[in-house]
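Enquirer: The structure follows.
The values are calculated or read from the model by the stated rules, or taken from the named source; none is laboratory data. Computed from a prediction, not measured in an experiment: that's the story for all the values here. Here Cβ is always computed from backbone atoms with ideal geometry, including for glycine, and neighbour counts include all displayed protein chains.
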Amino acid sequence: MSVREDILQEIEETPLLSQGTMRLLDIFFSEDFTQDKVEDVVTEDPALSSHILKMANTLFHAREEEISSVAEARGLMGDTVFAVASLSSCFPCSCDAPLEGYEAGRGALMRHCLGTAVGAREFIKNARAPVQPGAAFASGMLHDLGKIMLSEYLKGKAPELMEVVLAHEVGDFLDAERGPLGIDHAETGAALAEHWGLNSSLRQVLRFHHHPAEAEEAYRPLVYAVHLGDVAAILGGGDTGADAFLYHIDEGYSGYFKMSDDIVERAVLTVTMEYEKLDACCPDRFGGAGASRPTG
Amino acid sequence: MAKVMILGVGDLGASKSHVVVIRTFALGSCVALIAYDLKAKVAGMVHVALPESRINLTRAKLKPGTFVDTGVDTLLAAMAPLRGRSGRSGLVVKLVGGANVMDKKNFFAIGQRNVEALRGELTRHRIFPMAEDVGGSFSRTVSIQVATGRVYITSPGRDIWEL
């Protein structure tokens, strides 16, 4: 069995998302998305409630009293971190797990996904055609699911993969991943999305977030938003380790978004300030300055 | 035992304690300006994110280190009492960070804009960086040992190196 087949087999064996999590995703992608509706879905679903309360009590472990209601958790976390926490129920790993294959420390993935979600939400403010904010946020949060599946297979290979990209032997880190594995994190993420029965927007985002021009036309504004959000997350210092900066910007974004130096700088600053809020909740867990990092 | 002073984005720090190491993590497009007074053995560092404070004036008041045009003066002012003097005499300055993504339109070249703005601001003070490790396509974590002024850089997938 090839490594690619092993990975695809592992995806087939990955447990499906709960009905509650699927309902949560429907809310994020609905036209009338609101944070109140997210809170309602989380409150009504015991597994999601438990996930949020566990995360809230981890984030605010210094509090004397345990956080016992979803509403209280949302109040303490703020809407952005609450949305991130709820969507992290989709991760097939603990939300602060390191990506060892990418040499990314504990919480780095979560931090990067938050940054991409916030960045995508910022860029759609300048979209030439409307993009639904909940969809942009959720897509940004979940765009790198494929890396979770590949990380184990890439252990110890990151320096070699970086070298082939920097030597221009391949075009980007996706190409480099395909060398030893026969599959990259975008294709892997799309396969996981299909296994889970995720909506077509998410499938397109997971598959094409590094090459948005290849997405179906109807989905391109959303896929480009995540593509740009991904860049803002990295520029703001929230990368996933060895692959940071080793992708190209698809310049087709100008067909879908107004752009200027100021727009980019405001988006990156907004992402940075959201990282700070996450760090204020828990400085040593999500890749913040206090977290342990392999880069030390 | 070393005591690590950790700086986040927009933070700045200065110390003359010989047990202190000043460190900032994950410099993407951000740049660390590192200054060291050879005589007084005082180190300072600021982690700047963007060139100009006009992007967010409220933030500039709260965390002037976020921007080049407010961060440099603020760092020099923070170091002055520890040095027992102000000005550029005896000050060694290094720049680290400012990575870039490939973007022909240059809207996303924040790293490059940060480095250019810092060089300009330092020139205004008649300070010229002695060493730079800037640009490229990788993020950096940088530390300075106050006792020695030695600057070390790490990055995922690479061995530690000294600037």
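Enquirer: Restricting attention to segment B:88-125, which residues are under 17 Å from the mean Cα position of the chain (by Cα) and surrounded by fewer than 16 Cβ atoms within 10 Å (Cβ to Cβ)?
Expert: Answer for segment B:88-125, where residues must be under 17 Å from the mean Cα position of the chain (by Cα) and surrounded by fewer than 16 Cβ atoms within 10 Å (Cβ to Cβ): B:Arg88, B:Glu116, B:Gly120, B:Thr123, B:Arg124, B:His125.
Enquirer: Since B:Asn56 meets every condition but one in (1) buried (at least 19 other Cβ atoms within 10 Å of the Cβ); (2) within 19 Å of B:Ala26 (Cα to Cα); (3) within 14 Å of chain A (Cβ to nearest Cβ), which condition does it not meet?
Expert: (2)
Enquirer: Moving on to the next point. From (1) within 13 Å of another protein chain (Cβ to nearest Cβ); (2) farther than 18 Å from A:Thr270 by Cβ; (3) not basic (Lys, Arg), pick out the condition that doesn't hold for B:Gly44.
Expert: All conditions pass for B:Gly44, except number (1).
Enquirer: Sticking with this one: Whether any residue in segment B:123-131 is within 11 Å of chain A (Cβ to nearest Cβ) and either of a type outside the set (Ser, Thr, Tyr) or touching a strand residue (DSSP E or B) at 6+ places or on another chain (Cβ under 7 Å) (or both) is what I want to check. Quick ask: steps written out before the conclusion?
Expert: Looking only at segment B:123-131, we keep the residues that are within 11 Å of chain A (Cβ to nearest Cβ), and these are none.
No, the conditions are met nowhere in segment B:123-131.
This table checks each residue for (1) buried (at least 24 other Cβ atoms within 10 Å of the Cβ); (2) out of contact with any Ser or Thr (no Cβ under 9 Å at 6 or more places or on another chain).
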position	(1), (2)
A:Asp175	no, yes
A:His195	no, no
A:Tyr219	no, no
A:Leu235	yes, no
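Enquirer: Being out of contact with any Gly (no Cβ under 6 Å at 6 or more places or on another chain) and either surrounded by fewer than 24 Cβ atoms within 10 Å (Cβ to Cβ) or touching a residue at least 24 places away in the same chain (Cβ under 8 Å) (or both) narrows it down to one of A:Gly189, A:Gly182, so name that one. Write out each step before concluding.
Expert: Working: A:Gly189 fails: out of contact with any Gly (no Cβ under 6 Å at 6 or more places or on another chain).
When all the criteria are applied, what remains is A:Gly182.
Enquirer: Just give me the residues in segment A:263-296 being at the interface with chain B (Cβ under 7 Å from one of its Cβ atoms), modelled with pLDDT of 90 or more and crowded, with 21+ Cβ neighbours inside 10 Å, in sequence order.
Expert: A:Val264, A:Glu265, A:Val268, A:Leu269, A:Thr272 - these are the residues of segment A:263-296 that are at the interface with chain B (Cβ under 7 Å from one of its Cβ atoms), modelled with pLDDT of 90 or more and crowded, with 21+ Cβ neighbours inside 10 Å.
Enquirer: Within segment B:148-163, track down each residue that is surrounded by fewer than 16 Cβ atoms within 10 Å (Cβ to Cβ) and either in a loop (DSSP other than H, G, I, E, B) or touching a Cys at 6+ places or on another chain (Cβ under 7 Å) (or both).
Expert: B:Thr148, B:Arg150, B:Asp159, B:Ile160
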